[in-house]
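What follows is a short report on a single structure.
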Amino acid sequence: MKKIALLGSTGSIGTQTLSIVREKSDIEVVSMSCGSNIELFEKQIREFKPRLVSCNEDKVSDLESRIADLDIEVMSGMDGLNAVATFDEAEIVVTAIVGMIGLRPTVSAINAGKDIALANKETLVTAGHIIMPLAKEKNVSILPVDSEHSAIFQSLQGNEGNNIHKILLTASGGPFRGMSASDLEKVTLEDALKHPNWNMGKKITIDSATLVNKGLEVIEAKWLFGVDLDRIQVLIHPQSILHSAVEYDDGAIIGQMGTPDMRLPIQYALYYPKRLTMSGDYLDMFDVAAMTFEKPDMTVFKGLQFAYDAIKKGGNMPTIFNAANEKAVALFLNRKIEFTDIYRLIDKAMNTVGFIDVPSLEEILATEQEVYSIL
C-alpha cells in the first residue's frame, strides 16, 4: 500500500489525483489539505478517511463541526500545511496547491525525506536554487506532474548518460493563438477562460492564455532537468498531442504523446517507474489528422518573454515575475483590470522591485509581499 499526502485536494490536480486513488486499491491518502472549499473537502474526508487534515484558518471551525463524528486531527494555516506534508506515514507528497503558498510545505516535506510529486510550478520557479540541491542532499525524488515536464521526464527514461541537445516544450497556444496585440485589448474574462484543449483551474487557464504558464514551465524545466536556457525551445502545438520531447546529441527526438488528460502524468508520478492501466480514452492515431508546430509570438504574448528575461537575470527576478502575475491574474479574475493589464503589471514589478542575487527562502517570501504591495 502506497501512502500519500495531498496538498490541495479540492483543486483540479487534487481532484484528479483522488480519482486515481478511487480507481486503485493500493494507494491510501493519509493526510490532505484544502483551502476554503469545505463542502467538497468534507466529502473527500469521509470517502478517503485521512488521519490528518488542514484548511484555511478562517474555515477550521466549520470543518471541525462538519466532521466532529470522525476521529481525524484538524489543523489550519501554514502549520497545518507543514504537518500534512511531513506526516510520518506519507511516502510521497503530491503538491497540488497553486501559488507560492506551496513553497514552505514542499521544503518541509523534502527535509522530512518525502518524495515529491510536483504540480506546484512556483516551488521551482522561485526557489529552484534551493529546492534542487536540498532534494539531492536528502536523497529525495522530484517527480514532475505537469504534463509537459512529465513528458520530458518520460522521454529521458533509458537515456541516462546521454546529453540533452534540446528540450522541446510544447504549448497549445491557448484560446487567443494567432491574435494580434490589438485583438488582445478586446478579449473578455469569459474568452480567456475557454481553453481549447485542457480542463484546468481558472488561474492556470488565464496563465495559458497569456503564455505566462509556458514561461513558468521554461523556468521549471531549467531546474528540473539541469539544462541551459538556450537549450529549451517552446513550440506552439495546438493539437496538444505531443506533450513535449527531448532532442539528443545525435539528432534523435523522443517524445510522449497521448490525450490531454492530467491523470496520466499524475499516475505516472505516483507509480514511477511502473505503468498501469488507466481508465478513459486512449489516443487513436487514426483520428490524428495532423500535428502542427509554430513559433510563439513573444511580442504579442509577452508572458513568455518576461519569463525568459526573469530567468536570465536570475536571483529573485523569477519571484517578482511570478508574484506580479499572481496578483494581476487575481485582479483580472475579479474584473478589476483588463487582460493586457496583466502584462503591464508584470512589467511594472520587474522594473520596480529591488533585485537580490541569491535570495534565501525568507527573502523570496519577502519579495512576494513587496510585489503585492506595489500592485
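One table, with the values for the structure above:
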quantity: Beta bridge orientation in the chain: antiparallel %, DSSP, nearest 5; calculated: 25 percent
quantity: Length-normalised contact order for segment 1-118 - Cα pairs under 8 Å, 6+ apart - percent; calculated: 30 percent
quantity: Size of electric dipole in segment 61-204: Cβ of Lys, Arg +1 and of Asp, Glu -1, about Cα centre, debye, nearest 20; calculated: 740 debye
quantity: Two-site label geometry, Asp357 and Lys202: point separation in nm, points 7 Å out along Cα→Cβ; calculated: 4.2 nm
quantity: Cα pair distances in segment 215-298, grouped into 5 Å bins until the bin that holds the longest one, percent each; calculated: 3, 10, 17, 23, 21, 16, 8, 1
quantity: Table column - 3J(HN,Hα) (Hz), segment 77-94, Karplus curve with 6.51, -1.76, 1.60, x for Gly and Pro; calculated: x, 5, 4, x, 4, 5, 5, 4, 5, 10, 3, 3, 6, 5, 9, 9, 10, 8
quantity: Length-normalised contact order of the chain in % [C-alpha pairs under 8 Å, at least 6 apart]; calculated: 15 percent
quantity: Segment 282-304 versus segment 108-170: alpha-carbon centroid distance in Å; calculated: 24 Å
quantity: Relative intensity, log₁₀ I(q)/I(0), of segment 43-119 from a Debye sum that treats every alpha carbon as a point, q = 0.12, 0.28 Å⁻¹; calculated: -0.33, -1.36
quantity: Listed residues Phe153, Phe355, Phe301, most fluctuating in the chain (Gaussian network, C-alpha, under 10 Å); calculated: Phe355
quantity: Cα centroid of segment 356-375 to Cα centroid of segment 23-55, whole Å; calculated: 32 Å
quantity: Unit charges at the beta carbon, dipole of the chain: most positive-side option, Met179, Gly303, Leu216; calculated: Met179
quantity: Segment 213-219 - phi-based ³J(HN,Hα) in whole Hz, Karplus 6.51/-1.76/1.60, Gly and Pro as x; calculated: 4, 5, x, 4, 5, 4, 5
quantity: Placed amide H near Ile356: partners under 5 Å, 5+ positions off or other chain; calculated: Asn316, Met317
quantity: Estimated FRET transfer efficiency when R0 is 45 angstrom, pair Arg275-Lys186 (beta carbons, to 0.05); calculated: 0.50
quantity: Per-pair calculated FRET efficiency, R0 = 51 Å: Asp69 and Val288 via Cβ, rounded to 0.05; calculated: 0.50
quantity: The chain - mean residue ellipticity at 222 nm from DSSP helices (-39,500 (n - 2.57) per run, n ≥ 4, rounded to 500); calculated: -13500 deg cm²/dmol
quantity: Shape call, the chain: gyration tensor on alpha carbons, a/c limit 1.5; calculated: rounded
quantity: Gyration tensor (alpha-carbon) shape descriptor, segment 296-359, a/c threshold 1.5; calculated: oblate
quantity: Glu91/Asn159 FRET efficiency (R0 30 Å; Cβ-Cβ; nearest 0.05); calculated: 0.65
quantity: Nitroxide proxy distance, nm - points 7 Å out along Cα→Cβ at Asp341 and Glu47; calculated: 3.8 nm
quantity: Student exercise, the chain dipole from Lys, Arg, Asp, Glu Cβ charges, in Debye to nearest 20; calculated: 220 debye
quantity: Per-residue HN-Hα couplings for segment 30-38 [Karplus 6.51, -1.76, 1.60; θ = phi - 60°; Hz; x = Gly/Pro]; calculated: 9, 8, 7, 9, 9, x, 10, 7, 5
quantity: Label-to-label distance, nm, for residues given as Leu331 and Asp250 (7 Å Cα→Cβ offset); calculated: 5.2 nm
quantity: Net charge, Ala119 excluded, C-beta distance under 15 Å - Lys, Arg +1, Asp, Glu -1; calculated: -4
quantity: Cα radius of gyration and Dmax for segment 33-75 (Å); calculated: 8.8, 24
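Here, each number is a calculation from the coordinates, and none is a lab measurement. Treat the numbers as computed from the prediction; the structure is a model and nothing was measured. Cβ: placed from backbone, ideal geometry, glycine included. Neighbour counts: every protein chain shown.
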